[in-house]
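Undergrad: Just passing along the structure, written as structure tokens.
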Amino acid sequence: METLVGAVVLAWLALVLLAFAMAGMLRQLRDLQAGVASAAGVPATAGGAAHSALGVGTIPDNPQTPLSVRPRDDAACALVLLVDDNCPVCAEVAPYFDDLANKSSAAVDFVVLARTPVAKFAGLTGARFVADSIACHLLDPGWRPAIVVLDRAGAMVTREPAGSKKVLDAVVTDAEALAEAAATAPTQNS
């Protein structure tokens, strides 16, 4: 009987030590996430995540934010398609994205963004191609292709996978509505 009690006590002691070890690892992980977020210039929330309570990330409006992903001066928002040279889906959706750029209003800026120059995306006529590794790092959701909508201030309005024409159509429609709302909104001084 004494051996059984000793084994149970040792098992519980091992469980308590494992719980403390797991808590320590989680704290280190949160500290690491906060460090990565601050190095990227993205503010971390109280929980350590680099996004707001709504789950929408933002790119702070500061000198570190790459100008390459910002909307042009005459645009209310920017649609940024993140692509990769080794992504076959990117090669399919980029030409369609370019066609949408040619048909869209001037209030929306269309940008195709890659980490490095990619020859197959150089012939775009409606969307501008940008090779910017810093901007890719800031906007990177971890998958390709991805589409990101940025408002004039650089705030990320939405970010989602862009693997189909249907998704691109929906995001472009939403961005055009955002641009139209920004154009018709009353100004502060009037």
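Undergrad: Please determine, by comparing only the residues of the stretch 76-111 that are free of Cβ contacts under 8 Å to residues at least 40 places away in the same chain and surrounded by 18 or more Cβ atoms within 10 Å (Cβ to Cβ), which one is farthest from L178 (Cα to Cα).
TA: Of everything passing the filter in the stretch 76-111, D98 is farthest from L178 (Cα to Cα).
Undergrad: For the stretch 125-140, name all the residues that are among the hydrophobic types (A, V, I, L, M, F, W, C) and part of a helix (DSSP H, G or I).
TA: I134, A135, C136, L138, L139
Undergrad: I would also like to ask the following. Can you tell me which residue within the stretch 112-141, out of those that are surrounded by fewer than 16 Cβ atoms within 10 Å (Cβ to Cβ) and touching a Leu at 6+ places or on another chain (Cβ under 8 Å), is nearest to A76 (Cα to Cα)?
TA: Among those that are surrounded by fewer than 16 Cβ atoms within 10 Å (Cβ to Cβ) and touching a Leu at 6+ places or on another chain (Cβ under 8 Å), it is G126.
Undergrad: Hey, does the stretch 160-167 have a residue that's of a type in the set (D, E) and either within 10 Å of the chain's Cα centre (by Cα) or part of a helix (DSSP H, G or I) (or both)?
TA: Yes - at least one qualifying residue is present in the stretch 160-167.
Okay, residues lined up against (1) at pLDDT 90 or above; (2) closer than 24 Å to T116 by Cβ:
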residue	(1), (2)
V130	yes, yes
H137	no, yes
L150	no, yes
E160	yes, yes
V167	yes, no
A170	yes, no
D174	no, no
L178	no, no
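Undergrad: Related question: Among (1) assigned by TED's automatic domain parsing to the domain that holds T158; (2) at pLDDT below 80; (3) small (G, A, S); (4) touching a strand residue (DSSP E or B) at 6+ places or on another chain (Cβ under 6 Å), where does S105 come up short?
TA: All conditions pass for S105, except number (4).
Undergrad: Within the stretch 61-68, does at least one residue satisfy the condition of being touching a strand residue (DSSP E or B) at 6+ places or on another chain (Cβ under 9 Å), small (G, A, S) and modelled with pLDDT under 85?
TA: Yes, the stretch 61-68 contains at least one residue that is touching a strand residue (DSSP E or B) at 6+ places or on another chain (Cβ under 9 Å), small (G, A, S) and modelled with pLDDT under 85.
Undergrad: A follow-up question, please. Of the residues that make up the stretch 136-149, is at least one at positive phi and of a type outside the set (S, T, N, Q)?
TA: yes
The values are calculated or read from the model by the stated rules, or taken from the named source; none is laboratory data. Since we're looking at a predicted model, the values are computed, not measured. Positions of Cβ are generated from backbone atoms using ideal geometry, with glycine treated the same way; all protein chains shown enter the neighbour counts.
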